[in-house]
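Engineer: Structure incoming, see below.
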Amino acid sequence: MNVQIGLEAKGREEVSKVLNQYLANLHVLYTKLHNYHWNVEGKGFFQLHSKLEELYDHTAEELDEVAERILTLGFRPAASMKEYLSLATLQEANSEAITGDNVIKVLQGDFATLIGELRAALKVADDHDDQVSVDLFVGALENLEKTSWMFRAYLS
Ligand SMILES: [Fe+2]
C-alpha cells in the first residue's frame, strides 16, 4: 500500500504497465502525425495540414499527462525512443507523399487499435480501484471515439 495515494503496489504496477503501453503508442502517433502534416498532398492539403497539427498538439499534452500519472503511481515512464518502439503496437510510416484519404484511413485504423487497447487498460485500472487512471482512460476514449466519427464523416 502506498499510504500517500492509498493503492496497493501490485495494482499500481499493473496500471503503470498499461499506461506505459499507451505512452509508447502516443509517441509513435505523435511522430506519425507530424509525418502526415508534412507529407500530405492534394486538394485537402490546407485543411488536413492544420487538422494534423491540432491532433499532434493534443497528443503532446496527452503523453505528458500519461507519463506523470505513471510517476504519481510510483513508477518510471518509458522515456526513450528505443523503449517506445519496442513497447508500441502502432506502426511508424515512411516519409513519402500521401493523399488525404490515405492519411485518414491509416489514422482510423490506428485509432481503432488504441480504442481496443484502452478499453482493456480501463478494465485493469478499474480492477485495481484506480479511479483516477480510469478517468484518464475514459477521457482518452471519449476523444478517440469522437475523432473516429470525424474520420468516418471525412471518408463518407
Ligand atoms: Fe507545421
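Engineer: If Gln4 passes every condition in (1) farther than 16 Å from Phe111 by Cβ; (2) loosely packed, with under 13 Cβ neighbours inside 10 Å; (3) modelled with pLDDT of 95 or more but one, which one does it miss?
Structural biologist: The single condition Gln4 does not satisfy is (3).
Engineer: Looking at (1) touching a residue at least 24 places away in the same chain (Cβ under 8 Å); (2) farther than 20 Å from Ala125 by Cα; (3) in a loop (DSSP other than H, G, I, E, B), which one does Gln108 not meet, given that it meets all the others?
Structural biologist: Result: Gln108 fails condition (3) only.
Engineer: Separate question: If you scan the stretch 56-66, which residues turn out to be away from the ligand (no atom under 12 Å from the Cβ) and touching a residue at least 12 places away in the same chain (Cβ under 8 Å)?
Structural biologist: Hits for the stretch 56-66 are His58, Thr59, Ala60, Glu62, Leu63, Glu65, Val66.
Engineer: If I go through the stretch 1-55 residue by residue, how many of them are more than 24 Å from the chain's Cα centre (by Cα), within 16 Å of the ligand (Cβ to nearest atom) and free of Cβ contacts under 8 Å to residues at least 24 places away in the same chain?
Structural biologist: Number of matching residues: 1.
Engineer: On to the next question. In the stretch 36-50, which residues are assigned to a helix (DSSP H, G or I) and either over 19 Å from Leu114 (Cα atoms) or out of contact with any helix residue (DSSP H, G or I) (no Cβ under 9 Å at 6 or more places or on another chain) (or both)?
Structural biologist: Within the stretch 36-50, His37, Trp38, Asn39, Phe45, Phe46, Gln47, Leu48, His49, Ser50 meet the criteria.
The values are calculated or read from the model by the stated rules, or taken from the named source; none is laboratory data. Please read all numbers here as calculations on a predicted model, not as lab measurements. Every residue, glycine among them, receives a Cβ derived from its backbone with ideal geometry; neighbour counts consider all protein chains shown.
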